[in-house]
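The values are calculated or read from the model by the stated rules, or taken from the named source; none is laboratory data. All values reported here derive from a predicted model rather than from experimental measurement. A quick note on method: Cβ atoms are made from the backbone with ideal geometry, for glycine too, and the neighbour counts reach across all protein chains shown.
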């Protein structure tokens, strides 16, 4: 998951009341909930309508974003065509949608023999390189 996160740590690994309240209010239909902790966030993994989703929270219980892996067929047509046109020598290894408040973004990880790229959409008009790693 790619999210910019401030350096706020959890005092312990117990889920605090603010996070539990925020999660249960927002995701009332969530099933199979599990929690993971980072230095400065809590991640809930859960299932709604048969789809696994990931919600990220600050220690104060603020929702940072929700991510869900998607299929290439779920991308807007313009973004699919740009991947096919501009990255012909690459294969897709990950594709997910991140929703934060009213904003929706797509991140796609593509690879070739020399490098791995993580691209982030610029609306429906294009992709920009979010991260580049040489192999």
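What to note about this one:
- When the criteria are applied in full, residue 128 meets the requirement of being farther than 23 Å from residue 26 by Cα, in a strand (DSSP E or B), without any contact (Cβ under 8 Å) to a residue 40 or more places away in the chain and not assigned by TED's automatic domain parsing to the domain that holds residue 23.
- Set side by side, the residues 124, 66, 47, 129 differ, and just one is at negative phi and modelled with pLDDT under 95, which is 124.
- When 110, 118 are screened for being free of Cβ contacts under 8 Å to residues at least 40 places away in the same chain and outside any loop (DSSP other than H, G, I, E, B), only 110 passes.
- Residue match in segment 17-29 (condition: modelled with pLDDT of 95 or more and touching a helix residue (DSSP H, G or I) at 6+ places or on another chain (Cβ under 8 Å)): no
- When segment 97-107 is filtered for residues that are within 14 Å of residue 120 (Cα to Cα), surrounded by fewer than 17 Cβ atoms within 10 Å (Cβ to Cβ) and either under 9 Å from the mean Cα position of the chain (by Cα) or in contact (Cβ under 8 Å) with a residue 24 or more places away in the chain (or both), only 99 remains.
- Residue match in segment 80-91 (condition: modelled with pLDDT of 95 or more, touching a helix residue (DSSP H, G or I) at 6+ places or on another chain (Cβ under 7 Å) and either assigned by TED's automatic domain parsing to the domain that holds residue 53 or part of a strand (DSSP E or B) (or both)): no
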